[in-house]
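Enquirer: Supplied in structure tokens, the structure appears directly below.
The values are calculated or read from the model by the stated rules, or taken from the named source; none is laboratory data. For clarity, every value in this text was computed on a predicted model and none was experimentally measured. Every residue, glycine as well, gets a Cβ built from its backbone with ideal geometry; the counts of neighbours run over all protein chains shown. Remember, those area values only see protein heavy atoms, side chains included, never the ligands or the DNA or RNA. Shrake-Rupley method; radii C 1.70, N 1.55, O 1.52, S 1.80 Å.
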Amino acid sequence: MLKISNLTKVYGNKVAVNNLSLHIAPGEIYGFIGHNGAGKTTTLKACCGILKFDQGEILVNGKSITQDPIGCKRDIAYIPDNPDLYDYMKGIQYLNFIADIYHISREQRHDDIQKYAALFELENDLGQPVSAYSHGMKQKLAIISALIHHPRLMIMDEPFVGLDPKSSHLVKQMMREHCNAGGAVFFSTHVLEVAEKLCDKIAIIKQGNLLVTGTTEEVKGNSSLEEVFLELEG
């Protein structure tokens, strides 16, 4: 589903990501862990075609993000840690805008918007401008906009930040359901307890370098993920 090969990204004299290789297969929830500035967001943005990189290759469902960016983006939903939405739009206008981009039929989008807005308790707020939304509400709107076009690959940067416990639980359920249906999820998080319980595989990155990757059980062994992370970081 997502194959990262020898990815390198340099900012001036700083190597943000150094020769990174990962493979996220269909059916996998893959956690990406590291301290602030480790290179997580840079990697996620490169995978989405938002950020150019200096070396390596990224394939989404067999397509190159550099050679066929539009084809790749049809299969991707990206949820950033701080959703930068169009504040002048109403919530429903934004969702219809996203549905138009992905050529979602009127009937399908209507049903999905109603379904997910009810689940996230946002149905009474869709008529309000996005500028009136709290951070958590914007996060919910971004998640709904990702779900309505049924992506094969979900790339999420700190998806639980700003969400209430009920919504966080709902997102975890949806991530698992998405993978059970043949999709894949690649996400970064600082919440190690969530990663340990939710992820099939985990990668830990430090200063742009991959420290360890494997199944959750392989990575943590007889310790907790928090203990392994602190040891590798320390």
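Enquirer: Of all GluC sites (Glu not before Pro) in the range 44-147, which ones are in loop regions per DSSP and have a Cβ with at most 13 other Cβ atoms within 10 Å?
Expert: Details: sites: 57, 107, 121, 123; in loops: 121.
Within the range 44-147, no GluC sites (Glu not before Pro) qualify (loop, at most 13 other Cβ atoms within 10 Å).
Enquirer: In addition: With the other protein chains left in place, how much accessible area per residue, in square angstrom, belongs to the range 188-234 at a 1.4 angstrom probe? Each step should come with its number before you reach the end.
Expert: Numbers: 2530 Å² over 47 residues.
That works out to 54 Å² per residue.
Enquirer: Looking at the chain, send over the antiparallel percent of its DSSP beta bridges, to the nearest 5. Show your work: numbers first, answer last.
Expert: Details: 21 of 38 bridges.
The answer is about 55 percent antiparallel.
Enquirer: Using only Cα atoms, figure out Rg for the range 37-96 and give it as a multiple of 2.2 N^0.38 Å.
Expert: Numbers: Rg = 13.8 Å, N = 60, 2.2 N^0.38 = 10.4 Å.
So the range 37-96 has a normalised radius of gyration of 1.32.
Enquirer: Modelled label-to-label distance, residue 128 and residue 87, 7 Å Cα→beta-carbon offset: nm?
Expert: 1.5
Enquirer: From the convex hull of the Cα coordinates of the chain, what is the mean projected area in square nanometres? Numbers along the way, then the final one.
Expert: On the way: hull surface 51.0 nm².
Mean shadow area of the hull around the Cα atoms is 12.7 nm².
Enquirer: A further question on this structure: What is the Cα convex hull volume of the range 49-140 when expressed per residue in Å³?
Expert: On the way: hull volume 11.1 nm³, N = 92.
With only Cα atoms used, the range 49-140 gives 121 Å³ per residue.
Enquirer: Taking amide H atoms as placed 1.01 Å from N in the peptide plane, list the residues 5 or more away in sequence, or in a different chain, whose amide H sits under 5 Å from that of residue 16.
Expert: Amide H neighbours of residue 16: 9, 10, 11.
Enquirer: Something else now. Quick check: pseudo-label points 7 Å beyond the Cα along Cα→Cβ at residue 108 and residue 209, how many nm apart are they?
Expert: Result: 4.6 nm between the two label points.
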